[in-house]
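So the structure is just underneath, and the comments pick up after that.
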Amino acid sequence: MEYIIMRKDEPITLAQFSEDGTMLKYSRNIQNIELAPLQEKSASDWLNKWWKERTIPIKQGKVAQMLQKKGLSCPEHYLIKNLGLSLTDYYWIKPIDSDLKWKDVNLFENDFRDNILSFPENDTNTRYPQYTPNSSLQGRLEKSWMIKDEKRILVKGNHDKYSSESINEVIAARIHELQGYDNYTKYGLVRIKNKYYDYGCYSEMFTSQKLELVSAYGVVTSEKQPNDMSSYEFFIHTCGRHGIDPGQLRRDLEYQIMTDFIMSDRDRHLGNVSILRDAETLQFLRMAPIYDSGESLFVHEGIPVSDKELLDIETNSFASTEVKLLRYVTDKSLVDVTKLPDKKYIMEMYGKDSQMEEKRIHMIGEWYERKIDYFRDFQLGKDLNQVKISLSRKMNQRHQGMGEEEFEV
């Protein structure tokens, strides 16, 4: 099966696919290299990797059941049936014998129907075209693009019976609102039918026919990274060469690092940091609005039992721990500690979850407040890494003073 990889109505190159959507090979004769996807561009099997990583993860929500119901063998099969379309960029695949145009298939303007959060048992509605942007949704958290009141919205669920991830998105948005920060995604809570948690959350699309999303991962894999440059600096450097204001990008990143620290967000991986690109000029404009803050406030983790644990949170990001990420911050004044939500607000938000234990809600509030204390110390010049080392020493001395004896059982 032969398709042309397209960006809107501009051809990129010819590719061959198996019936189940696996990319077999593609022509190295790239017609518009400047328009081609950036992600994995530095790899030899570049477009193969790009296509595979574009697919929805099989472990996301009810994807496995949905594929089985639709008679599809794998996520790539789902993706090729939907021409690889997305609501974050303009790439798609055009059957070689087709006269389809971007105006016929793009989902920014054409309606779609495919709620994969709670897909119906029998859907015979033929009013909508077959294409959906959900085949290219990333991440393991269950989610679905929908159209409500003529607006494209992304509805997200949770990984377990608790509404924590959705509540955290709303809390993060409240933090940014109080800070007067102008570049964040607004989230609201929503009830989703037939779910074991109380609330999911939703946000409006911030891309358009004029603005597309490029992840930090896409940026740093578009070129070979120098061995003597961190991914963080390489990201800023590369974005600067593509037109973005490096100073503004650095401020946005530093603000995000600090607010993530306050919320104990450990999942700011390079797919959860992105920039917006102009559709026509290809110029990078600014970091995309902050999104995906759900993995905060000790979700799926035990609540810390000590200050050492609180300062020892590992992160999936530009650095391996929160404290190491703070080393990138040069302007500590970007966050006003007097304009943060208080513990009461955090506890009230978590109190909306009927399945959350009161004890856990109280502990989350306490440790959130403690994190603010440490952030204040950081702003006043304390080295939190040295604080952590000191706490470790005190803990070791305490254990040694207990006269413990090691033995095997």
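Observations on the model:
- Matching residues in the range 295-306 - criterion: being modelled with pLDDT of 95 or more and either on the phi > 0 side of the Ramachandran plot or in a helix (DSSP H, G or I) (or both): Leu297, Phe298
- Matching residues in the range 312-323 - criterion: being touching a residue at least 12 places away in the same chain (Cβ under 8 Å) and surrounded by fewer than 21 Cβ atoms within 10 Å (Cβ to Cβ): Asp312, Ile313, Glu314, Asn316, Ala319
- Among residues of the range 171-205, those that are closer than 21 Å to Ile257 by Cβ and of a type in the set (Val, Ile, Thr), counted: 3
- Answer from Glu34, Glu40, Glu76 - the residue that is among the charged types (D, E, K, R), surrounded by fewer than 17 Cβ atoms within 10 Å (Cβ to Cβ) and under 25 Å from Tyr217 (Cβ atoms): Glu34
- Given (1) aliphatic (A, V, I, L, M); (2) within 20 Å of Glu357 (Cβ to Cβ); (3) in contact with a strand residue (DSSP E or B) (Cβ under 6 Å, 6 or more places away or on another chain), number of the condition Ile171 does not satisfy: (3)
- Scanning the range 76-94 for residues that are assigned to a loop (DSSP other than H, G, I, E, B) and of a type in the set (Asp, Glu) returns a single hit, Asp89.
- Hey, Asn194 polar (S, T, N, Q), within 30 Å of Arg370 (Cβ to Cβ) and either touching a helix residue (DSSP H, G or I) at 6+ places or on another chain (Cβ under 6 Å) or part of a loop (DSSP other than H, G, I, E, B) (or both) or not: no
- Annotation: of all residues in the range 104-130 being at pLDDT below 95 and in contact with a helix residue (DSSP H, G or I) (Cβ under 6 Å, 6 or more places away or on another chain), the one that is surrounded by the fewest Cβ atoms within 10 Å (Cβ to Cβ) is Phe119.
- Unique residue being on the phi > 0 side of the Ramachandran plot, at pLDDT below 95 and of a type outside the set (S, T, N, Q) when the list is Gly84, Gly71: Gly71
- Selection from the range 149-190 of residues that are under 16 Å from Pro341 (Cβ atoms) and assigned to a loop (DSSP other than H, G, I, E, B): Gly180, Tyr181, Lys186, Tyr187
- Test: Lys8 is surrounded by 13 or more Cβ atoms within 10 Å (Cβ to Cβ) and either charged (D, E, K, R) or within 29 Å of the chain's Cα centre (by Cα) (or both): yes
- Matching residues, the range 231-244, being surrounded by 15 or more Cβ atoms within 10 Å (Cβ to Cβ) and touching a residue at least 24 places away in the same chain (Cβ under 8 Å): Ser231, Tyr232, Phe235, Cys239, His242, Ile244
- Some residue of the range 313-335 being farther than 28 Å from Ile236 by Cα and assigned to a helix (DSSP H, G or I): no
- Hey, Asn183 closer than 23 Å to Val329 by Cα, under 20 Å from the mean Cα position of the chain (by Cα), surrounded by 15 or more Cβ atoms within 10 Å (Cβ to Cβ) and not assigned by TED's automatic domain parsing to the domain that holds Ile364 or not: yes
- Elements of type helices (runs of 4 or more DSSP H) contained in the range 210-294, each with 3 or more residues being farther than 19 Å from Trp46 by Cβ and of a type outside the set (Ser, Thr, Tyr): 231-241, 246-263
The values are calculated or read from the model by the stated rules, or taken from the named source; none is laboratory data. Here the structure is a predicted model, which means the values were calculated and not measured. So basically every Cβ, Gly included, is an ideal-geometry build from the backbone, and we count neighbours across all protein chains shown.
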